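Since the structure comes first, as structure tokens, the remarks are kept for the end.
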Amino acid sequence: MKMAWVVLALVVYSGVSIVRAIPELPARIPTKFNSSGQPVGWGSPETLWFMLLVQALVSALILAVPAIGRRAPQLINLGLRKLSDFPPEARQRVMPLLEDMCGWMAVLFSFLLTVIIRGMICSALEPGAPVGNWALKVFLAGTAIVVVYYLWKMNRLEHKELRNVSGHNPGDSTLR
């Protein structure tokens, strides 16, 4: 759970950023931005606390998926299959991959919310400065890479398990 420490650091950083900025923020801060990074919606500075809460809760939920999978594998969907579809031995080999995947997903999500919170603060303190959407692009690309990579690894593991169960030797082209 080394990724949990990265998530915790990002949540703490967001919290410290909010605490430091609150005294300097105006009564209304930008809360929504268009694709050009210009503010199109406004709210109170308390919105930042809500964003921090979302960051912490959703990250914690993502990190909890492996624990949920151990207790109720039928609740965890891995692409086209559920975790409960894997035999118990294979499930034990899939769990480290699931933990890593969820760790990376939590880091990506927490990073996105950290950047959004910082963007809201910076935009409120420097009116007119556009907020870039690079973090959203990083989040989307990172999420796609993480999901495809780990589902591919899980699929490879499943096929390896099937070969071992059927008695197929990977060096032999025929089944025994």
Within segment 91-130, restricting to residues that are farther than 19 Å from residue 48 by Cβ and basic (Lys, Arg), the one that is surrounded by the most Cβ atoms within 10 Å (Cβ to Cβ) is 91
When segment 70-88 is checked residue by residue, the ones that are under 18 Å from the mean Cα position of the chain (by Cα), of a type outside the set (Val, Ile, Thr) and assigned to a loop (DSSP other than H, G, I, E, B) are 79
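Limited to segment 59-90, what total is found for residues that are within 17 Å of residue 107 (Cβ to Cβ) and surrounded by 15 or more Cβ atoms within 10 Å (Cβ to Cβ)? Lay out the reasoning, then the answer.
Within segment 59-90, the first condition is being within 17 Å of residue 107 (Cβ to Cβ), and the residues that meet it are 59-66.
Checking the rest, the ones that are also surrounded by 15 or more Cβ atoms within 10 Å (Cβ to Cβ) come to 59-60, 62-63, 65-66.
Residues flagged as within 17 Å of residue 107 (Cβ to Cβ) and surrounded by 15 or more Cβ atoms within 10 Å (Cβ to Cβ) within segment 59-90 amount to 6.
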Can you name every residue in segment 131-161 that is more than 21 Å from residue 52 (Cβ to Cβ) and touching a Phe, Trp or Tyr at 6+ places or on another chain (Cβ under 6 Å)?
146
Using the structure shown, decide if residue 91 is of a type outside the set (Ser, Thr, Tyr), assigned to a helix (DSSP H, G or I) and under 20 Å from residue 127 (Cα atoms).
no
Could you list, in sequence order, the residues of segment 24-46 that are surrounded by fewer than 18 Cβ atoms within 10 Å (Cβ to Cβ) and closer than 12 Å to residue 121 by Cβ?
24, 25, 26
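Against the definition (β-branched (Val, Ile, Thr), within 28 Å of residue 137 (Cβ to Cβ) and at pLDDT 95 or above), how does residue 19 come out, yes or no?
The answer is no for residue 19.
On the basis of being in contact (Cβ under 8 Å) with a residue 24 or more places away in the chain and not in a helix (DSSP H, G or I), does residue 132 make the cut? Let's see the steps before the verdict.
On the way: in contact (Cβ under 8 Å) with a residue 24 or more places away in the chain: yes; not in a helix (DSSP H, G or I): yes.
Here the answer is yes, as residue 132 does meet what is asked.
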Name the pairs whose Cβ atoms lie under 7 Å apart, with the first residue in segment 100-113 and among the charged types (D, E, K, R), the second in a helix (DSSP H, G or I) and at pLDDT below 95, and 6 or more positions between them or separate chains?
100/150
Would you check if there is a residue in segment 64-85 being farther than 21 Å from residue 133 by Cβ, modelled with pLDDT under 95 and among the acidic types (Asp, Glu)?
yes
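The values are calculated or read from the model by the stated rules, or taken from the named source; none is laboratory data. Given the structure is predicted, the values throughout are model-derived calculations rather than measurements. Neighbour counts are summed over all protein chains in view; Cβ atoms, including those assigned to glycine, are modelled from backbone coordinates with ideal geometry.
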